[in-house]
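All remarks here apply to the structure that follows.
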Amino acid sequence: ATVPENARAALNNAHDAMPESGQRPPPPTRENGPTPMAKQIQQLIRDNKGCFLAVEVGYKYKCFGTDVPRAAKTLGIGSWKDAQLGDMCTFPTGTIDDKIRRLVRDGHRVAVARQTERAALRQKSGGTFSRAVDRVYSRATLVGDEFG
């Protein structure tokens, strides 16, 4: 696979910008606008301001919010800037309980958006899976059997 010339130039520019500024450069823009899933996630971000947002995407959670770099450090995972959604990190769905517990202990409010439909039950419409925040966790609400 070949890398488009504009993508190669963006990577070179990003590499060149790092040593001087010490900060990541802004992500490249998408020519056709945000994807349907990006629009859906942007709405979830707007609806859950002040929260670390974990969005179920297949067999992993993609996480967004203003404090993703701090949260990623808490979780011991990497973070990066997505071209459409800003700072993000990911982790497998099977680790969500542990991640929530660790994030809440670090002072985060965590909103969890789950897919509200499954591939096996979904007709092939070609659209984006429905997602909705079904729980928001904080130090005051981190209770229940699911967290031991």
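The values are calculated or read from the model by the stated rules, or taken from the named source; none is laboratory data. Model, not experiment: these values are computed from the prediction. Positions of Cβ are generated from backbone atoms using ideal geometry, with glycine treated the same way; all protein chains shown enter the neighbour counts.
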Enumerate the pairs (first residue in the stretch 90-110 and farther than 14 Å from Ala72 by Cα; second residue anywhere and in a helix (DSSP H, G or I)) with beta-carbon separation below 7 Å, excluding pairs fewer than 6 apart on the same chain, so at least 6 apart or on different chains.
Asp97/Glu146; Asp97/Phe147
Can you name every one of the strands (runs of 3 or more DSSP E) wholly within the stretch 69-148 that holds 3 or more residues which are at pLDDT 90 or above, aliphatic (A, V, I, L, M) and farther than 19 Å from Gln42 by Cβ?
none
